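Colleague: The structure is given below, and queries will be raised subsequently.
The values are calculated or read from the model by the stated rules, or taken from the named source; none is laboratory data. Not measured: the values here are computed from a predicted model. Here the Cβ is made from the backbone with ideal geometry for all residues, glycine too, and neighbour counts use every protein chain on show.
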2 protein chains.
Amino acid sequence: MKNLTRRQSEILTFISDVISNEGMPPTRKEIALKFGFKSANSAEEHLKALDKKGYIDLHGGTSRGISINKSFLGIPIVGSVAAGSPLLAVENVEERIEFNGNIFSDSVDYFLRVKGDSMNEVGIVEGDLIAINKRKDVKPGDIVVARINDDVTVKTLFHLDKRKVILRPENKNYKDIEINPSIENFDIEGKCLGVLRNYN
Amino acid sequence: MKNLTRRQSEILTFISDVISNEGMPPTRKEIALKFGFKSANSAEEHLKALDKKGYIDLHGGTSRGISINKSFLGIPIVGSVAAGSPLLAVENVEERIEFNGNIFSDSVDYFLRVKGDSMNEVGIVEGDLIAINKRKDVKPGDIVVARINDDVTVKTLFHLDKRKVILRPENKNYKDIEINPSIENFDIEGKCLGVLRNYN
DNA sequence: TTTCATACTGTGTATTTATACAGTATTAAT
DNA sequence: ATTAATACTGTATAAATACACAGTATGAAA
């Protein structure tokens, strides 16, 4: 898919925002107003560019006839994470789900598909999607996504300071993970906001 | 809140459907077309009635300027169910959540807040919201919402025929529940489609 | 009985809106 | 060096749209 220019990206974001806030797509005039364009035709041309690149669909002859191509919408689901790759790298995104609403306490940056049973005792089981916010300011008690030497893991944060980090699996068959962040490569990738599970 | 007439209700439903399918509210003409009105003014008058009754907001001078009042949108969350009352009775609905998207395999009629630990071993814990579809055609293996003599419970359906129903808790501290539907008052309220959990 | 809400048709029109065409200037690609 | 895409202004207009006013008919409420 073709890349967007900065301006095009801003406009796509604006359209998406208007749809979620106002419940309908903006008119050319409203776009022009927002960006200070003196001619609605500027908006028209940006829309054509976005349409041509496949990011939106324009419905000719229809007022507010703009729909956003769904494959760019929605929250990515991160499946298996290739060692050392950024979590949100395209190769890790297995699909996207349309998802809006105020279900979780903060905005969801991505969903991570759970592997293994290390969190079974708090009701997080294999295959579950956990909602992640990319914040780094986590505190003990939070369930976190952490990266230890290129491996990504989900655990409860038990202790965190400059010398020592303790991650706790919620399953008595597993032992606590103790890390020295000054020696090992350690990073907090985000905080778990909640769980989504879909039975078939 | 004032009651809607059958026609008004149909129109409200149509508006809601158009918004979710087309991504924008319909015009008066589109409403008239759908219902076979020969004049767009019929749609106009229904919209005014819906606005007056508080179900929608009309944005004057704006094409497709219809927004649905959010307190009627969203999926109800059923909290504690008063014995013998219908699940979706107003007094059982603790709130509603805005929720759209194709997250679950079927449409969600309501969310039920889980009480107790009888389903712990399949990752359904106290406080979880489980997504329910009101179907009655459930099969063994499904997690179901059942009503036994005015009590509502969530269990795995293990066996179902005219003489005997077995509901299985997913926790070894609990025993199977065996019901004779010809003697006891038994009803399937719905099927569990998935789980939603929100950490704070 | 009279008023009011509902549920329409039919006509008309001011505004809103999409969208084409003609320009100008800047930057990226060939 | 030349072309094409980007990013705008400015003007114009056909079509889409909201919405008012004038009717007709029915049933429910006061």
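Colleague: Considering every residue within region B:66-77, establish whether at least one is surrounded by 13 or more Cβ atoms within 10 Å (Cβ to Cβ), in a loop (DSSP other than H, G, I, E, B), more than 16 Å from DNA strand D (Cβ to nearest atom) and at pLDDT 90 or above.
Modeller: The answer is no; no qualifying residue exists.
Colleague: Which condition does B:Gly194 not pass, out of (1) more than 14 Å from every other protein chain (Cβ to nearest Cβ); (2) small (Gly, Ala, Ser); (3) under 23 Å from B:Lys134 (Cβ atoms), if it passes all the others?
Modeller: (1)
Colleague: Would it be correct to say that B:Asp150 is on the phi > 0 side of the Ramachandran plot and of a type outside the set (Phe, Trp, Tyr)?
Modeller: In short, yes.
Colleague: Here is a further query. Could you check how many residues of region A:1-46 are within 6 Å of DNA strand D (Cβ to nearest atom), outside any helix (DSSP H, G or I) and over 23 Å from the mean Cα position of the chain (by Cα)?
Modeller: Number satisfying all stated conditions: 3.
Colleague: Without any contact (Cβ under 8 Å) to a residue 40 or more places away in the chain, within 14 Å of another protein chain (Cβ to nearest Cβ) and over 29 Å from A:Ala131 (Cα atoms) - does that describe any residue in region A:4-26?
Modeller: For region A:4-26, residues without any contact (Cβ under 8 Å) to a residue 40 or more places away in the chain, within 14 Å of another protein chain (Cβ to nearest Cβ) and over 29 Å from A:Ala131 (Cα atoms): absent.
Colleague: For region A:121-155, enumerate the residues that are within 12 Å of chain B (Cβ to nearest Cβ) and surrounded by 21 or more Cβ atoms within 10 Å (Cβ to Cβ).
Modeller: A:Gly123, A:Ile124, A:Asp128, A:Leu129, A:Ile130, A:Ala131, A:Ile132, A:Ile143, A:Val144 - these are the residues of region A:121-155 that are within 12 Å of chain B (Cβ to nearest Cβ) and surrounded by 21 or more Cβ atoms within 10 Å (Cβ to Cβ).
Colleague: Now for a different question. For region A:139-160, does any single residue satisfy the condition of being without any contact (Cβ under 8 Å) to a residue 12 or more places away in the chain and outside any strand (DSSP E or B)?
Modeller: Looking for residues that are without any contact (Cβ under 8 Å) to a residue 12 or more places away in the chain and outside any strand (DSSP E or B), one finds none in region A:139-160, hence no.
Colleague: Given (1) assigned to a loop (DSSP other than H, G, I, E, B); (2) over 20 Å from B:Val195 (Cα atoms); (3) without any contact (Cβ under 8 Å) to a residue 24 or more places away in the chain; (4) away from chain B (no Cβ under 11 Å), identify the lone condition not met by A:Gly116.
Modeller: With (1) assigned to a loop (DSSP other than H, G, I, E, B); (2) over 20 Å from B:Val195 (Cα atoms); (3) without any contact (Cβ under 8 Å) to a residue 24 or more places away in the chain; (4) away from chain B (no Cβ under 11 Å) applied to A:Gly116, the lone miss is (2).
Colleague: List the pairs whose first member sits in region A:28-39 and is at positive phi, whose second member is aliphatic (A, V, I, L, M) and more than 10 Å from DNA strand D (Cβ to nearest atom), and whose Cβ atoms are under 6 Å apart, counting only residues at least 6 apart or on separate chains?
Modeller: Correct list of pairs: empty, since none qualify.
Colleague: Near DNA strand C (Cβ under 8 Å from one of its atoms) and surrounded by fewer than 14 Cβ atoms within 10 Å (Cβ to Cβ): which single residue out of B:Lys29, B:Lys53, B:Lys2 fits that description?
Modeller: Within the list B:Lys29, B:Lys53, B:Lys2, the selection yields B:Lys2.
Colleague: Further question: Return yes or no: is B:Tyr110 crowded, with 17+ Cβ neighbours inside 10 Å, more than 15 Å from B:Ser16 (Cβ to Cβ) and modelled with pLDDT of 90 or more?
Modeller: Considered against the rule, which asks whether it is crowded, with 17+ Cβ neighbours inside 10 Å, more than 15 Å from B:Ser16 (Cβ to Cβ) and modelled with pLDDT of 90 or more, B:Tyr110 comes out as yes.
Colleague: Return the residues of region A:161-200 that are of a type in the set (Phe, Trp, Tyr) and touching a residue at least 40 places away in the same chain (Cβ under 8 Å); say none if nothing qualifies.
Modeller: A:Tyr174, A:Phe186
Colleague: Sticking with this structure for a sec: Would you check if A:Arg163 is over 23 Å from the mean Cα position of the chain (by Cα), modelled with pLDDT under 95, charged (D, E, K, R) and on the phi < 0 side of the Ramachandran plot?
Modeller: yes
Colleague: In addition: Checking the condition among the small types (Gly, Ala, Ser) and at pLDDT below 95, which residue from B:Ser16, B:Ser63 passes? Steps first, please.
Modeller: Working: B:Ser63 fails: at pLDDT below 95.
None of the other options fit; the residue is B:Ser16.
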